[in-house]
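The values are calculated or read from the model by the stated rules, or taken from the named source; none is laboratory data. Predicted, not measured: the structure shown is a model, and the values here were computed from it. Here the Cβ is made from the backbone with ideal geometry for all residues, glycine too, and neighbour counts use every protein chain on show. All accessible areas refer to the heavy atoms of the entire protein, side chains included, with ligands and DNA or RNA removed. Shrake-Rupley method; radii C 1.70, N 1.55, O 1.52, S 1.80 Å.
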Amino acid sequence: MKAATNAGFSKESVRTFADMGKTNGNWGTKFGVLTPATNLSVEDELWSMRVPEATIATARIIIDQVKWTTPDDLRKFVEGVRKRIPDAADHAVAVEPDALILGISISVLWGGLAGNESIKQAIQQQTGLDLYTAVDAAQAALGVFGASRIGVVTPYPELADAKVVDFFREIGVDVVAQKGLRATSARSIGEIPASELRSALRDVCVPGVEAIVTLGTDLKVAAVAAQAEGWLGVPTAAVNTALWWYALRTRGIAAQIQGWGSLMSEH
C-alpha cells in the first residue's frame, strides 16, 4: 500500500522565536489543549516537551462514561466526548490561543477521516481556530517515516481494534500487529505501568513492521517509546509526541527536542 503522505513542512515555513515574539508577546505560540477530565498524561508529556517558542493552556472535556465494563461502553465514551468537545473549546478560547490541540485519539479516529474532518470543521466554525488531532499527527508522522506497515499499541477494549485497523487502512497503512491493553476505564489508562508498555512495544515489533505508533493519549508512554527506538530498531511515535510535533511544525516552529524520539529530534 501507499505510505501516508508527508506533512510537507518546508524550511520556508519555519519561523524563529524572535520573529514570533513580535506578534505573540511573552508566550510565543499559544496552544489551547482540549483533553478528557480523566487524562493526566497529555498535560504531563506536553509540558515535558515544551519549547520556549510555545506554551499550552488546558481545558477539560467532561466524561460521562468513565468505566468500560460492557462492549457498548466505549462507544458511549466516544460519542460523549464528541458532544462535549465544543464546551471545552469555549473555555480554551479565553486565553486567545493561536490554535487548538485535541488531546484524545479514539474519538477522532472512530469515524475515520470524514469523522475527524467533521470535528475539526465544527470547532473551526465555532472558534475560528484550527484544531490539530491525533489523526492528523499520525498521518503526518508516518509520512515522514515513510512507513506503510506498522505495529500499533492501544489501551482500548477489543471493540476498538477494528476501528484502528480501518482508520490506518483508509490512509494507506497496513496494521501488521496490534496490541490492545484492555483498559477497563478511561481513568485506568494512565495507570498502565512502563513495564507493560515496553512489553507491548516488543510484541508489535514483528518482521515487516516499518514503524510503531501508540494511541491513547493517557498512556504514559512517550518516554518509553523514545527509549524503545534504540532496542526496537524502528521509528516509534507515541501519540502525544506526534501531536506536539505536528502542532509545532504546522505553526512553523522548528525546535528539535532531544530525548523524545527521532520524530522530535530529526524531523
Query raised in the report: Using modelled backbone amide H atoms (1.01 Å from N, in-plane), which distant-in-sequence or interchain residues come within less than 5 Å of Val153's amide H?
Result: Lys179, Val213, Thr214, Leu215
Report summary line: All alpha-carbon distances of the chain, grouped into 10 Å bins from 0, give the whole-percent distribution 7, 32, 39, 19, 3, 0
Query - Rel. contact order, % - alpha carbon contacts under 8 angstrom, at least six apart, the chain - result: 23 percent
**Report entry** Peptides 102-109, 163-170 ordered by average Cβ neighbours within 10 Å, highest first
**Finding:** 102-109, 163-170
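Using Cα pairs under 8 angstrom and six or more residues apart, how large is the relative contact order of the stretch 169-235, in percent? Don't skip to the answer; put the middle values down first.
Values: 48 pairs, mean separation 24.1, N = 67.
Relative CO of the stretch 169-235 lands at 36 percent.
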Report task. Provide the descending list of Cα extents for the stretch 94-159 along its principal axes, expressed in whole angstroms. Result -> 39, 29, 22
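Do you know the relative contact order of the stretch 193-267, to the nearest whole percent, from alpha carbon pairs under 8 angstrom that are 6+ apart?
Dividing the mean separation by the residue count of the stretch 193-267 yields 28 percent.
Express the carbon and sulfur contribution to the solvent-accessible surface of the chain as a percent, rounded to the nearest whole number, probe 1.4 angstrom.
Working: 5460 of 11050 Å².
The nonpolar share, carbon plus sulfur, comes to 49 percent.
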Requested in this report: Post the alpha-carbon centroid distance, the stretch 59-118 to the stretch 142-167, in whole angstrom.
Outcome: 19 Å
